Amino acid sequence: MDEIRNKIIELLLSTKRKGINNLLAYMDTNGFFEAPCSTQYHLAKEGGLAEHSLNVYKIMYTLWYSSSEIFWHKLPSHDCMPIVSLLHDLGKMGQFGKLNYVPNLISDKKGGYIQSEKKPYETNKELLSIPHEIRSIQIASQFIELTEEENFAILHHNGLYGDLKYQLNGKERPLQMLLHFADLWCSRVVEKE
């Protein structure tokens, strides 16, 4: 887990964005590196969110540089890649001092509770229902300035699977599509159990 944490910190620092140190401190104190990535589907385990974020970065990096003749003139600056890939699910750590995912406790039939193996986490009922894409942008924007393309990519990284599918349909952008593909590939192929 330390290796993943250190690599994410290194990559985000490499962007040299003003405020990135404060964002990293916030991520550290608010559980980004310990949070699960989902309730039960992919990387529903401690540290799953950080692992998924780094996986998305690796896929984006591979696509970006193996196809540079296709992508280089269509995408914004290089530093947008670590920003969008590593921060696209930032909102899954939670907000306002509340975790997004909490242990899903079920009866052990002896009067106590245990964490479910089938669905280890559930969405925190104490946190208002706001899509994690919006939370991600809100949190990141408190510390760093996101470009218009980065905002768009993070907001629509779930593509036509997300809550905002009708607003996206026909308005896709290269950075958003690259992030969407990398995210989908990771969750459906790389991280599938």
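Rule-based calculations on the coordinates, nothing more; no lab input. Only a predicted model underlies this, so the values are computations on that prediction, with no experimental measurement involved. Please note: Cβ atoms are built from the backbone with ideal geometry, for glycine as well, and neighbour counts cover all protein chains shown.
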Counting other C-beta atoms within 10 Å, which of Cys37, Cys80 has the fewest, and how do the rest follow? Cys80, Cys37
Calculate one ³J(HN,Hα) per residue across the range 44-55 by plugging θ = phi - 60° into the Karplus curve 6.51 cos²θ - 1.76 cosθ + 1.60, and present them in order as whole Hz with x for glycine and proline. 7, 8, 4, x, x, 5, 5, 4, 4, 4, 5, 4
Qualifying lysines (Cα of each under 26 Å from Cα of Lys119; at least 8 residues distant if same chain): Lys45, Lys92, Lys98, Lys109, Lys110, Lys192
Summed over the other residues with a beta carbon less than 11 angstrom from that of Leu128, with K and R at +1 and D and E at -1, the charge totals +2
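Could you line up Ser38, Ser14, Ser53, Ser141 from fewest to most neighbouring Cβ atoms inside 10 Å? Let's see the in-between values first.
Values: Ser38 21, Ser14 12, Ser53 27, Ser141 15.
Least to most surrounded, the residues fall as Ser14, Ser141, Ser38, Ser53.
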Compute a Gaussian network model of the chain, connecting alpha carbons closer than 10 Å, and tell me which residue from His88, His78, His52 fluctuates the most. His78
For the chain, modelled as a GNM with alpha-carbon contacts under 10 angstrom, which of Glu122, Glu150, Glu51 fluctuates the most? Glu122
Counting only helical runs of four or more DSSP H residues, what would the 222 nm mean residue ellipticity of the chain come to if each run contributes -39,500 (n - 2.57) and the total is spread over all its residues? -13000 deg cm²/dmol
Rounded to whole angstrom, the alpha-carbon centroid of the range 138-168 lies from that of the range 11-57 at a distance of 16
Starting from the 7 Å offset along Cα-to-Cβ, what nm value, one decimal, do you get for the label separation of Asn124 and Thr39? 1.6
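What's the long-distance tail for the chain, i.e. % of Cα pairs beyond 20 Å? Show your work: numbers first, answer last.
On the way: 10151 of 18528 pairs.
Counting every Cα pair in the chain, those more than 20 Å apart make up 55 percent.
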Hey, can you grab everything whose amide H is under 5 Å from the amide H of Gly94? Only 5+ residues off in sequence or another chain; H modelled, so Pro and N-termini drop out. Asn100
What is the set of long-range amide H partners of Ser38 at a cut-off below 5 Å, with H atoms built 1.01 Å from backbone N? Ala44, Lys45
For Leu160, net neighbour charge (Lys/Arg +1, Asp/Glu -1) across residues whose Cβ lies under 15 Å away: 0
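With a cut-off of 8 Å between alpha carbons and a minimum separation of six or more residues, what is the relative contact order of the range 1-134 in percent?
Numbers: 170 pairs, mean separation 30.9, N = 134.
Averaging sequence separation for qualifying contacts and normalising by length gives 23 percent for the range 1-134.
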C-alpha long axis of helix 2-13 to longest principal axis of the chain, angle in °: 40
Please report the net charge: other residues with Cβ closer than 10 Å to the Cβ of Phe33, K and R +1, D and E -1. -4
Quote the Stokes-Einstein diffusion coefficient, in whole µm² s⁻¹, for the range 88-138, based on the Kirkwood radius over alpha carbon pairs, a temperature of 20 °C and a viscosity of 1.002 mPa s. 178
